[in-house]
1. Being under 10 Å from the mean Cα position of the chain (by Cα) and more than 11 Å from every other protein chain (Cβ to nearest Cβ) is the filter here; which residues of region A:81-93 pass it?
2. Evaluate the following for residue B:136: is it farther than 21 Å from residue B:38 by Cβ, exposed (fewer than 14 other Cβ atoms within 10 Å of the Cβ) and touching a helix residue (DSSP H, G or I) at 6+ places or on another chain (Cβ under 9 Å)?
3. For region B:1-43, which residues satisfy the criterion of being farther than 20 Å from residue B:106 by Cα and surrounded by fewer than 17 Cβ atoms within 10 Å (Cβ to Cβ)?
4. Output the qualifying pairs, or none if there are none: Cβ atoms under 6 angstrom, residues six or more apart or on different chains, first residue in region A:22-44 and within 16 Å of residue A:107 (Cα to Cα), second residue surrounded by fewer than 14 Cβ atoms within 10 Å (Cβ to Cβ).
5. When you check residue B:70 against the structure, is it loosely packed, with under 13 Cβ neighbours inside 10 Å and within 17 Å of residue B:93 (Cβ to Cβ), yes or no?
6. Taking residue A:125 as the residue in question, decide whether it is in contact with a helix residue (DSSP H, G or I) (Cβ under 9 Å, 6 or more places away or on another chain), farther than 25 Å from residue B:16 by Cβ, crowded, with 21+ Cβ neighbours inside 10 Å and modelled with pLDDT of 95 or more.
7. Among the residues in region B:130-138, are any outside any strand (DSSP E or B), within 14 Å of chain A (Cβ to nearest Cβ) and without any contact (Cβ under 8 Å) to a residue 24 or more places away in the chain?
8. Just checking: which of the strands (runs of 3 or more DSSP E) contained wholly in region B:1-115 hold 1 or more residues that are within 24 Å of residue B:130 (Cα to Cα), within 14 Å of chain A (Cβ to nearest Cβ) and touching a residue at least 40 places away in the same chain (Cβ under 8 Å)?
């Protein structure tokens, strides 16, 4: 799996239902022009073993942050299991475009720090606009 | 109201169960029957994360489940019972003859299995076990979400 970690930066792996992950990767690329910082993984048609294998291939040699769509379900359980078995992996749930846009510019930190930063950036983007 | 859905799904608790079935059934509790998960606090925390706080999650071994099934069936709330594989479903139906139906919700590809439906892959042995369950009087159908057709066991095994 080609990625841009040769300089020691984190890889972001988006783990989602259907093609959400793929679409988020395309959107980040369209907005920032940054390629290779994010890899999409879909759970489409996957049981636990198949999804674990997709994750393993996507992550390659860590470190990485796994951005999961929902705080539960097969994407989360597979990601959490993977992180439990591997060092240098952090997991964030509730992925959104705002957190990814922040992440791709701040990848020279430990995974746990990047995960906390992503939660902050993603949360700030969720609001009701003034009427 | 009792247990409205008995389901085999190798992903156990996930979106199709909690939202896809849980919403239309107005589900208030989920029973997860799995001997391994029953013994792991870490696994239980993980599965509980995917469930909104108003839905109770009960973790049970097969033996626990056989014993408590009458109480769950008598519960005034609506519940969903989940198992992760056919062997667990077969074990449960063998020791609890009040189970009248089992939904096959998701059994995914693994070495030795062939595709029967988009969301059901089985070995010949697993297909035979499902037919045996049906022969014992359990209505076995495959249906991933409520809006899909319930496919009778004879059509996919």
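1. The answer is A:90, A:92.
2. On the way: farther than 21 Å from residue B:38 by Cβ: yes; exposed (fewer than 14 other Cβ atoms within 10 Å of the Cβ): yes; touching a helix residue (DSSP H, G or I) at 6+ places or on another chain (Cβ under 9 Å): yes.
Yes, satisfied.
3. Within region B:1-43, B:1, B:2, B:26, B:28, B:39, B:40, B:41, B:42 qualify.
4. As it stands, the answer is A:29/A:35, since those pairs meet every condition given.
5. yes
6. Details: in contact with a helix residue (DSSP H, G or I) (Cβ under 9 Å, 6 or more places away or on another chain): yes; farther than 25 Å from residue B:16 by Cβ: yes; crowded, with 21+ Cβ neighbours inside 10 Å: no; modelled with pLDDT of 95 or more: yes.
No, not satisfied.
7. The initial filter retains those residues of region B:130-138 that are outside any strand (DSSP E or B), namely B:130-138.
With within 14 Å of chain A (Cβ to nearest Cβ) added as a condition, the list becomes none.
No: region B:130-138 contains no residue that is outside any strand (DSSP E or B), within 14 Å of chain A (Cβ to nearest Cβ) and without any contact (Cβ under 8 Å) to a residue 24 or more places away in the chain.
8. B:2-9, B:29-33, B:78-83, B:101-106
The values are calculated or read from the model by the stated rules, or taken from the named source; none is laboratory data. Please read these numbers as outputs of a predicted model, since none were measured by experiment. Counting neighbours? That spans all protein chains shown, and the Cβs are built from the backbone with ideal geometry, glycine included.
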